[in-house]
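Here the structure comes first, spelled out in structure tokens, and everything after it is commentary.
Coordinate-derived values only; no laboratory data. Since we're looking at a predicted model, the values are computed, not measured.
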């Protein structure tokens with residue numbers, strides 16, 4: 001009976017908990033600032049008109065926004081995700 005009761009609670013609360021974003025920088029000077037449901041991504045490494053970012057994890061829930069902020073002279077922003085988890089956007 002105890003196993004069934006515990007399983008029921010996990011089932012109910014497992015669906016009730018909101019999904020959280022997983023944006024974890026891992027190099028190239030990438031910085032992430034969380035502001036409510038918005039993630040401001042700054043820093044990175046610049047090469048000419050390109051700006052590179054690197055993340056260990058990158059995922060957003062439906063209501064979340066990732067803003068890649070840069071100097072206006074940057075023409076391309078490129079990002080890589082190096083972790084083993086799937087990215088959900």
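Here are the numbers for the structure shown:
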read-out	value
Computed lengthening from residue 63 to residue 42, 0.36 nm per intervening residue step minus Cα-Cα distance	5.5 nm
Global form of the stretch 42-89, assessed from the alpha-carbon gyration tensor, a/c cut-off 1.5	oblate
